[in-house]
1. Does ALA44 meet the test of being within 18 Å of the chain's Cα centre (by Cα) and without any contact (Cβ under 8 Å) to a residue 12 or more places away in the chain?
2. Taking the range 1-17 as the region of interest, how many residues are modelled with pLDDT of 80 or more and under 19 Å from the mean Cα position of the chain (by Cα)?
3. Does GLU13 satisfy being without any contact (Cβ under 8 Å) to a residue 24 or more places away in the chain and charged (D, E, K, R)?
4. Taking GLN59 and the conditions (1) under 21 Å from the mean Cα position of the chain (by Cα); (2) surrounded by 11 or more Cβ atoms within 10 Å (Cβ to Cβ); (3) in a helix (DSSP H, G or I), which numbered condition does it fall short on, given that it satisfies the others?
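The values are calculated or read from the model by the stated rules, or taken from the named source; none is laboratory data. Since we're looking at a predicted model, the values are computed, not measured. Neighbour counts run over all protein chains shown; Cβ positions are idealised from the backbone, glycine included.
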Amino acid sequence: MPQTALETLRGNELPKSLAIQFGDGSADDVYIVEARRLSPEEAAKLAVLRADVQAGLDQLDAGQGRSLGIEALIRRLKATATNA
């Protein structure tokens, strides 16, 4: 189960990274901020995902990638949607 912490902060106490998201707040505004730690299961899934992404980036760096052909993909998707 993830660990969660709640804290009540006034508008002028928010960290800058959060204050930017909330826009024009004042010191009188009150926010409840939830901080959450990943569970061991979520951390393991994230590690696997990061390894997969890194493997793909390494393949691209080694020149093993190929063009996606986005136009052909869009045509196939449209044709499939029309025939469905």
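1. Details: within 18 Å of the chain's Cα centre (by Cα): yes; without any contact (Cβ under 8 Å) to a residue 12 or more places away in the chain: yes.
Spelling it out, ALA44 is indeed within 18 Å of the chain's Cα centre (by Cα) and without any contact (Cβ under 8 Å) to a residue 12 or more places away in the chain.
2. Result for the range 1-17: 1.
3. Numbers: without any contact (Cβ under 8 Å) to a residue 24 or more places away in the chain: yes; charged (D, E, K, R): yes.
For GLU13, the condition - without any contact (Cβ under 8 Å) to a residue 24 or more places away in the chain and charged (D, E, K, R) - is met.
4. So GLN59 meets the others, but not (1).
Let's see how each residue does on (1) farther than 30 Å from ALA5 by Cα; (2) surrounded by 10 or more Cβ atoms within 10 Å (Cβ to Cβ); (3) out of contact with any strand residue (DSSP E or B) (no Cβ under 8 Å at 6 or more places or on another chain):
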{"position": "LEU18", "(1), (2), (3)": "no, yes, no"}
{"position": "PHE22", "(1), (2), (3)": "no, yes, no"}
{"position": "ASP29", "(1), (2), (3)": "no, yes, no"}
{"position": "VAL33", "(1), (2), (3)": "no, yes, no"}
{"position": "LYS45", "(1), (2), (3)": "no, yes, yes"}
{"position": "LEU68", "(1), (2), (3)": "yes, no, yes"}
{"position": "GLU71", "(1), (2), (3)": "yes, no, yes"}
{"position": "LEU77", "(1), (2), (3)": "yes, yes, yes"}
{"position": "ALA81", "(1), (2), (3)": "yes, no, yes"}
